[in-house]
Amino acid sequence: MRKTKASAGLVSLALVGGLALAACGGSGDGGGKGGEFTYWSMWRQEEPQAKVIKAAVDRYEKESGAKVKIVWQGRDVRKKIGPAIAANQAPDLWDNGADVIFSNTVKNGQAADLSSVYDAQVPGEGKKVSDVITAKYTDTLPAGPDGGKKWIVPYELVSANLYYDGADPALAGASKIATLDDLVKLCDTLKAKGKACFTTEGDDGWSSSLWLDYLLAREGGSLGKISTDKSGAGWDSPAVLAAARNVEKLVKGGYFLKGYDASKLPAQETNWAQGKAAFFLNGSWVDSETATQRAAKFKFSAINFPAAKAGGPAEANAIMFGFSVPKRAKHADAAKKFIADFLKKDNLSGIATEAKNITPRDDIPAPAELADVQKILQSNPSRAMQDNMDGDYGDKVLYPAWLDLLHGKSTPEQFVAAVKKAHETYVKATG
């Protein structure tokens with residue numbers, strides 16, 4: 001499942017479980033020893049995540065006496081949750097990427113505060129939910145209207161990194177890359193051998209803009225802060241121009257695979273998997289998406305996006321998928337009990353062993369293919385992908401100007417002027 005724009009979907013991910021959740025505020029839990037509630041999931045029933053969730057729900061119902069009605073909505077849940085809330089027909093629990101949950105419920109004041117879940121015990125472990133979920137990941141979340149960030153309880157982590165074949169002798173030194181200069185030096189070596197250093201989905205503004213996102217962050221800038229500054233002054237910052245010039249340097253240097261700018265998603269992901277380019281900057285879902293396309297000897301490996309210079313910022317971004325409870329949920333207490341139970345190691349481990357993804361519990365090892373990604377997440381400070389920039393802003397303001405820069409059709413200075421003009425138009429239209 002691919003992550004495009006505002007968490008419309010991802011590749012392979014999952015969760016779930018219940019017992020004592022002291023002082024979980026919310027609506028009544030609907031009868032039965034463990035309560036009953038309705039859960040709308042972003043997964044389709046045949047997906048690995050759904051199978052992990054279903055197994056955990058079955059155990060939860062048996063152990064607690066609860067009744068859980070699961071509706072496998074798939075990715076369309078993001079379109080259905082708002083109208084359901086408006087009609088007072090919201091589910092008691094739903095899941096999705098943090099950005100989708102924020103844009104569809106949190107920013108409108110329609111998500112319940114889950115602080116009581118974080119304060120609850122994980123059944124049988126003698127620890128609180130807040131003890132087992134690494135705080136640096138949730139600290140990157142944007143605050144809701146009430147200033148709180150505890151509107152999601154994550155069960156899976158995804159991260160964007162530079163992915164490569166660790167079995168390729170030409171990339172033996174990749175793991176030692178620390179700065180952008182280090183990366184360019186390796187690219188020059190590859191170029192001399194006739195090998196492209198990078199490729200990217202040239203028609204997809206969201207995934208390709210991860211280059212700008214990282215390069216800007218490495219210069220100390222933030223897409224999130226710039227996009228929410230109505231004055232537009234942030235686009236004139238030296239960090240933006242420096243990042244844009246680094247993009248131009250990579251494009252003019254001929255480091256991207258020829259034809260990247262005239263292809264359709266997911267052509268470049270396939271090209272990378274087939275060895276036509278050394279590195280691919282994208283989310284860790286790339287492992288699952290390309291598993292059947294890679295050669296048998298291919299070793300899925302990752303490096304953190306390098307710093308602009310030695311000792312500079314090098315945060316790793318973390319995308320969270322997790323549970324949220326609508327404010328109008330009729331059986332909020334029962335849903336909250338279930339969330340705490342699912343965080344048990346026995347339940348959550350299925351995300352790694354069966355759904356082949358990383359969990360927000362650092363004591364659960366990642367699948368072998370994502371071991372590098374987990375190490376990157378654990379070894380570096382965390383930041384939100386695109387610094388929580390709103391997806392609508394990306395579509396209407398950033399991506400058109402960005403793609404011109406990426407395709408070599410505009411200069412860094414022209415990019416800044418174009419995106420700033422689009423920002424002004426957007427602010428006038430949205431207030």
Q) Yes or no: Val373 buried (at least 23 other Cβ atoms within 10 Å of the Cβ) and out of contact with any helix residue (DSSP H, G or I) (no Cβ under 6 Å at 6 or more places or on another chain)? A) yes
Q | Residue under evaluation Lys51, criteria (1) open to solvent by less than 20 Å² (accessible area, probe 1.4 Å); (2) of a type outside the set (A, V, I, L, M); (3) in contact (Cβ under 8 Å) with a residue 40 or more places away in the chain, criterion not met | A | (1)
Q. Among (1) in contact (Cβ under 8 Å) with a residue 24 or more places away in the chain; (2) part of a loop (DSSP other than H, G, I, E, B); (3) in contact with a Lys or Arg (Cβ under 9 Å, 6 or more places away or on another chain), which single condition is His423 missing?
A. (2)
Q | In region 177-229, residue farthest from Glu269 (Cα to Cα) [restricted to those that are among the β-branched types (Val, Ile, Thr) and surrounded by fewer than 24 Cβ atoms within 10 Å (Cβ to Cβ)] | A | Thr228
Q: Among the candidates Gly232, Gly283, Gly275, single out the residue that is closer than 26 Å to Ala355 by Cα, in contact (Cβ under 8 Å) with a residue 24 or more places away in the chain and either surrounded by fewer than 22 Cβ atoms within 10 Å (Cβ to Cβ) or among the β-branched types (Val, Ile, Thr) (or both).
A: Gly275
Q.
If the requirement is being open to solvent by 30 Å² or more (accessible area, probe 1.4 Å) and of a type in the set (A, V, I, L, M, F, W, C), which of these qualifies: Ala368, Ala307?
A. Ala368
**Q.** Residue, nearest to Ser324 (Cα to Cα), within region 128-137, restricted to residues that are outside any loop (DSSP other than H, G, I, E, B) and in contact with a strand residue (DSSP E or B) (Cβ under 7 Å, 6 or more places away or on another chain)
**A.** Val129
Q: Look through region 265-304, keep the residues that are assigned to a helix (DSSP H, G or I) and of a type in the set (Gly, Ala, Ser), and return whichever of them is farthest from Ala318 (Cα to Cα).
A: Ala267
Q: Would you confirm whether any residue within region 150-171 is closer than 30 Å to Lys344 by Cβ and either surrounded by fewer than 20 Cβ atoms within 10 Å (Cβ to Cβ) or basic (Lys, Arg) (or both)?
A: yes
**Q.** Residues located in region 342-365, provided they are open to solvent by 10 Å² or more (accessible area, probe 1.4 Å) and in a loop (DSSP other than H, G, I, E, B)
**A.** Lys344, Glu354, Lys356, Asp362, Asp363, Pro365
Q. Do the conditions hold for Lys409, that is, is it within 28 Å of Asp139 (Cβ to Cβ), surrounded by fewer than 18 Cβ atoms within 10 Å (Cβ to Cβ) and without any contact (Cβ under 8 Å) to a residue 40 or more places away in the chain?
A. no
Q: Select from region 97-127 the residues that are farther than 17 Å from Ile319 by Cα, in contact with a strand residue (DSSP E or B) (Cβ under 9 Å, 6 or more places away or on another chain), open to solvent by 40 Å² or more (accessible area, probe 1.4 Å) and not in a loop (DSSP other than H, G, I, E, B) and list them in ascending order.
A: Asp119, Gln121, Lys127
Q. Taking region 342-370, which residues are hydrophobic (A, V, I, L, M, F, W, C) and over 17 Å from the mean Cα position of the chain (by Cα)?
A. Phe342, Leu343, Leu348, Ile364, Ala368
**Q.** Residues that are within 15 Å of Lys136 (Cβ to Cβ), open to solvent by less than 30 Å² (accessible area, probe 1.4 Å) and part of a loop (DSSP other than H, G, I, E, B), drawn from region 315-341
**A.** Ala318
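The values are calculated or read from the model by the stated rules, or taken from the named source; none is laboratory data. Every value quoted in this text rests on a predicted model; they were computed, and no experiment measured them. Positions of Cβ are generated from backbone atoms using ideal geometry, with glycine treated the same way; all protein chains shown enter the neighbour counts. Keep in mind that these areas ignore ligands, DNA and RNA; they rest on the heavy atoms of the full protein, side chains included. Shrake-Rupley method; radii C 1.70, N 1.55, O 1.52, S 1.80 Å.
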